[in-house]
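Engineer: Below is a structure I'd like to ask you about.
Bear in mind these aren't lab numbers, they're just calculated from the coordinates by the rules spelled out. Everything numeric here is computed off the predicted structure, so don't read it as measured data. Because the Cβ atoms are built from the backbone with ideal geometry, glycine has one as well, and the counts that use them run over all protein chains shown.
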Amino acid sequence: MSATSTYLPGAHNLDDAETAQRRTGGWIGFVLTLIASAAIAYFQVAPRWRLLIFFPLAMAAIGFLQASSRFCVMVALSSRSPATNAADRSKDRTKAFRLIGASLVIAALGAAVACWA
């Protein structure tokens, strides 16, 4: 995180460039999801293999969620966290786990739809 960005515990820890990187990661995951979906449709893959769509969907979801909230999960959970006290670290970890959970739910729902489509 650059010196020009503002850190708010449990709210945001990314500057504009880092936010753009997370958004790019979300778009890459989205494109991979589209490619995998097209391959599934073209090759008429068995339903259990369609569950693999979970992984690019999770990548897209976590990228977009981090970009929209301006919050990096890995920074919050690592030693690079700008948090200076236990209360701030706790807020950051709570936010990080919520983002991870939300992205996993989104990916699981998308994989379930792909499996039964």
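Engineer: With all pairs of different alpha carbon atoms counted, what Kirkwood hydrodynamic radius in Å does the chain show?
Structural biologist: Over the chain, the inverse of the mean reciprocal pair distance is 15.1 Å.
Engineer: Here is a follow-up. When the chain is fully extended, how far beyond the present Cα-Cα distance does L77 get from S90, taking 0.36 nm per residue of separation?
Structural biologist: Details: separation 13, 0.36 × 13 = 4.68 nm, distance 0.98 nm.
Stretched out fully, the L77 to S90 stretch lengthens by 3.7 nm.
Engineer: Count charges around G26 for me, please; just the other residues with Cβ under 15 Å from its Cβ, Lys/Arg as +1, Asp/Glu as -1.
Structural biologist: Numbers: positive: R22, R23, R70; negative: E18.
After counting each charged neighbour, the total is +2.
Engineer: Compute the angle between helix 86-116 and the longest alpha-carbon principal axis of the chain, please, reported from 0 to 90 degrees and rounded to the nearest 10.
Structural biologist: The angle comes out at about 10 degrees.
Engineer: Largest first, please: the extent of the C-alpha atoms of the range 54-117 along each principal axis, to the nearest Å.
Structural biologist: For the range 54-117, the Cα spread along each principal axis is 48, 17, 16 Å.
Engineer: Projecting each Cα onto the charge dipole of the chain (Lys/Arg +1, Asp/Glu -1 at the beta carbon, about the Cα centre), which of F71, W27, A58 comes out farthest on the positive side?
Structural biologist: Projecting each Cα onto the dipole axis, the largest value belongs to A58.
Engineer: Here's a follow-up. Name the shape class, rounded, prolate or oblate, that the alpha-carbon gyration tensor gives for the range 1-69, where a ≥ b ≥ c are the square roots of its eigenvalues, rounded holds for a/c under 1.5, and otherwise prolate holds if a/b is larger than b/c and oblate otherwise.
Structural biologist: Prolate, because a/c is 1.5 or more and a/b exceeds b/c.
Engineer: Moving to a separate point now. Tabulate in residue order the Karplus-calculated ³J(HN,Hα) for the range 60-77, using 6.51 cos²θ - 1.76 cosθ + 1.60 with θ = phi - 60°, rounded to whole Hz; enter x for Gly and Pro.
Structural biologist: Per-residue couplings from phi come out as 4, 4, 5, x, 5, 5, 5, 5, 5, 9, 6, 9, 9, 5, 5, 5, 5, 9 Hz.
Engineer: Kindly express, to the nearest 10 degrees and within the range 0 to 90, the angle between helix 16-43's C-alpha long axis and the longest C-alpha principal axis of the chain.
Structural biologist: It is inclined by approximately 10 degrees.
Engineer: Here's a follow-up. Under unit Cβ charges (Lys, Arg +1; Asp, Glu -1), what dipole magnitude, rounded to 20 debye, does the chain have relative to its Cα centre? Intermediate values should be presented prior to the final figure.
Structural biologist: Values: 11 positive and 5 negative charges, 57 e Å.
Here the chain has a charge dipole of around 280 debye.
Engineer: Okay, next question. Over the chain, what relative contact order in percent results from Cα pairs under 8 Å that are six or more residues apart?
Structural biologist: Working: 155 pairs, mean separation 41.6, N = 117.
After rounding, I find 36 percent.
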